[in-house]
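Have a look at the structure below, then the notes.
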Amino acid sequence: MYLLICFIFTLYPLKVVGEEIRIINQSLMRGGQQFIVFYTYNPPNSIRNWVNEEVLHERADRIVHHSTYLTVPREWLGEQFFIEAEHLKKVNEKAYRHEYLGEVTGTGGEIFTNATARKITDDEIKTFDKIKRGLDFGYAVDPVHYSVSYYDKTRRRLYIFYEIHQVALSNRKLAELIKQENKSNGPIMADSAEPKSIAELKEYGLKVKGAKKGPDSVEYGIKFLQDLEEIIIDPDRCPNTLREFLNYELEKDSNGNFKAEYPDKNNHSIDSIRYALEDEMRTSGVRVWK
């Protein structure tokens, strides 16, 4: 017995969110031996849209297929369709790539265009040496974020493969969770604005050091990350890190122009990575402090 459920989202599925779709699926997928669910849509141009993020997560029971008007018989669409497509390609190639080829072309305000989502295997991780660990402390509503990464200096690639991302997490519990990953008790570079938290984690046996920050440390740290060949983030091991790196965009002013400064929100993983790579920035010649 097969039950076929078909959700069709045409053009921009902006009014539908992941939570609402889960509720629909939970209501409909009951009984029966197997379900087949189809989602069809034209990808929104902003990579921060939840639909574009969703397809990055690999699942054994999911197939992602991308097709365009070029993959169907020409007579299905008619000659005028192709005339319009070719005209847009000539006058506005970016719009053509998005509207006719279904590419996520972005809004122009993306900060980390070099971020890539892909699985980082256990065999790869075994070859990593000089692991980098960073920690951004949280508050009552902000999450604490602990990141583990490897920086391939020769190829200028950064691999991010472990995270702790949680709100209302005590330092004692945080230390316990870190020890589960950091069995060799390697050094951790943390936000120096929290000296009491650093001291407490040291009491629990962790090797934590405060990052040296200055007026320009955020700007130079982000520019260092932007200049890397690739930032590879495992979507299953580090979903929150991936979300923050992909969603981190310049904000616009009242006139619709991008602001010059980097936004200071939803960047906990980015901060932790900046702290972890502080020594690399210094030796690379990047000016980290003013």
* Asked: Quick check: anything in the stretch 168-175 assigned to a helix (DSSP H, G or I), under 19 Å from D279 (Cα atoms) and either in contact (Cβ under 8 Å) with a residue 40 or more places away in the chain or outside the structural domain of S46 (by TED's automatic domain parsing) (or both)?
  -> no
* To do: Could you tell me whether the stretch 220-237 includes any residue that is under 26 Å from Y139 (Cβ atoms) and in a loop (DSSP other than H, G, I, E, B)?
  => yes
* Asked: Are any residues in the stretch 26-56 out of contact with any Leu (no Cβ under 9 Å at 6 or more places or on another chain), surrounded by 13 or more Cβ atoms within 10 Å (Cβ to Cβ) and either over 22 Å from N240 (Cα atoms) or in contact (Cβ under 8 Å) with a residue 60 or more places away in the chain (or both), and if so, which ones?
  -> Y39, P43, N45, S46
* Structure fact -> Residues of the stretch 96-154 being of a type in the set (A, V, I, L, M) and touching a strand residue (DSSP E or B) at 6+ places or on another chain (Cβ under 8 Å), in sequence order, are I111, A115, A117, I120, I125, I131, L135, V144, V148
* Does the stretch 175-185 contain at least one residue that is within 30 Å of K94 (Cα to Cα) and either surrounded by fewer than 19 Cβ atoms within 10 Å (Cβ to Cβ) or under 20 Å from the mean Cα position of the chain (by Cα) (or both)? -> no
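Going by the structure shown, is H57 modelled with pLDDT under 90, assigned to a loop (DSSP other than H, G, I, E, B) and within 19 Å of the chain's Cα centre (by Cα)? Steps first, please.
Details: modelled with pLDDT under 90: yes; assigned to a loop (DSSP other than H, G, I, E, B): yes; within 19 Å of the chain's Cα centre (by Cα): yes.
In short, yes.
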* Any idea which of (1) within 28 Å of E219 (Cα to Cα); (2) of a type in the set (F, W, Y); (3) buried (at least 19 other Cβ atoms within 10 Å of the Cβ) is the one Y139 doesn't satisfy? -> (3)
* To do: Could you tell me whether any residue of the stretch 266-287 is closer than 21 Å to G106 by Cβ and assigned to a loop (DSSP other than H, G, I, E, B)?
  => yes
* Scan the stretch 125-147 and report the pairs whose first residue is among the hydroxyl-bearing types (S, T, Y) and whose second residue is assigned to a helix (DSSP H, G or I), with Cβ atoms within less than 7 Å and a gap of 6+ or a chain change. => Y146/I178; Y146/S272; S147/T241; S147/S269; S147/S272; S147/I273; S147/A276
* Out of E251, E261, E229, E219, report the one residue that is among the charged types (D, E, K, R) and surrounded by 13 or more Cβ atoms within 10 Å (Cβ to Cβ). => E219
* To do: Go over the candidates K252, K265, K259 one by one and state the one that is charged (D, E, K, R) and over 27 Å from V55 (Cβ atoms).
  => K259
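The values are calculated or read from the model by the stated rules, or taken from the named source; none is laboratory data. These numbers were taken from a predicted model, which means no experiment stands behind them. In this analysis, Cβ positions are derived from the backbone assuming ideal geometry, glycine residues included, and neighbour counts consider all displayed protein chains.
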